[in-house]
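Before any comments, here is the structure.
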Amino acid sequence: MTVILTACTMRKRFSPDPALIAASLSKGNLQSVGRDWRNRVAEAVGIAEARNLYAGRGMMEAKNAATEAEATLFIASAGLGLVEASDVIPSYDLTVAKGLPSSIMSKLPPGTTEEGWWDEIATKEGIDRMEAQLSRDQAIFLVALPANYLKMLGSFLKALSAFKEGRLRLFTGSEQYEIDPELKAYHMPYDRRLDGGPAPGTLGDFAQRALRHFVAGVLSVAPTEDAKGHAQRVTLAQACWVRPALKSGIRLGDDELLKIIQAEWDSVQGRSTQLLRKLRDELGIACEQGRFARLAATVRAERAQP
């Protein structure tokens, strides 16, 4: 048996419940804001199964991987905690990505961590349900998360039986984020060669593309191997792939570049590192890092205004 955990997406197929918009919350401490949000969620009406609410390629890849592995799919939601793909849930607008109008972090005191927010909204019921799935038949646990969600869920993952018993396999796309040393032993070492191999795509859906390749090309042929053995198989698979060559980009003036940054901001949830990479690798635009930081700061300030 297999259990898969992936992250929710900002893109949703239904408009958010007016009560479930982070921008409408009052500022406060972690406990008061968390209580307000939980009360709103409790009163909201579910409108679709989670698998049909979240949009985007990353979610599509995770769903396909779950189908191929005959796995139970769970989704880590910054607004709802842990949900199963079949759960009927409300639509909402909340993220932990900083600098966005929907960021819950702007409502919390300086120094509050994403992990602290997760502890506020992840219900015991959701955690117990997933732990029960993991314990049943000693399921292998495949976790595909972007860096900010991996940071948010680090302690949570280490508390699960699958981690303690070596059944965790971890997939993430950031090459800059330093993975928790305790989790690193379970990290499957996919790198940007995946983009030049069988599953090209963007950084935003890298973790889920790696997950799907692992399900089809590694887990299917070595279901009982340990994490070290699985990692070695990933390394061998990538040996014949080639990291896409960086192309020299077109040069734009500040006004043109600013408009593109504004247009692409939500596609990476306001994460500047991913946005700079998208400009360079996907859109073919040349942009010096200091210049980009200055323009991105302008956009972040504009979007933070009420």
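Table for the structure above
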| read-out | value |
| --- | --- |
| For residue 44, distant residues with modelled amide H under 5 Å away | none |
| Candidates 28, 111, 196, ranked by Gaussian network fluctuation over the chain, Cα under 10 Å, top entry | 111 |
| Counted charge near residue 4, where neighbours are those whose Cβ lies closer than 14 Å (Asp, Glu -1; Lys, Arg +1) | +2 |
| Rg and Dmax [Cα atoms of region 125-258; Å; Rg one decimal, Dmax integer] | 17.1, 58 |
| The chain: most fluctuating residue of 137, 93, 17 per GNM, C-alpha cutoff 10 Å | 137 |
| Per-bin percent of Cα-Cα distances, the chain [10 Å] | 6, 26, 34, 24, 9, 1 |
| Cα radius of gyration and Dmax for region 82-184 (Å) | 14.7, 43 |
| Cβ-placed point charges (K, R +1; D, E -1), dipole of region 182-306 about Cα centre in debye, nearest 20 | 200 |
| Restricting region 20-125 to trypsin sites (Lys or Arg not before Pro) in coil, as DSSP defines it, with at most 11 other Cβ within 10 Å | 27 |
| DSSP beta bridges in the chain [antiparallel fraction, %, rounded to 5] | 30 |
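Each value in this text was obtained by applying a stated rule to the coordinates, not by laboratory testing. Treat the numbers as computed from the prediction; the structure is a model and nothing was measured. Neighbour counts are summed over all protein chains in view; Cβ atoms, including those assigned to glycine, are modelled from backbone coordinates with ideal geometry.
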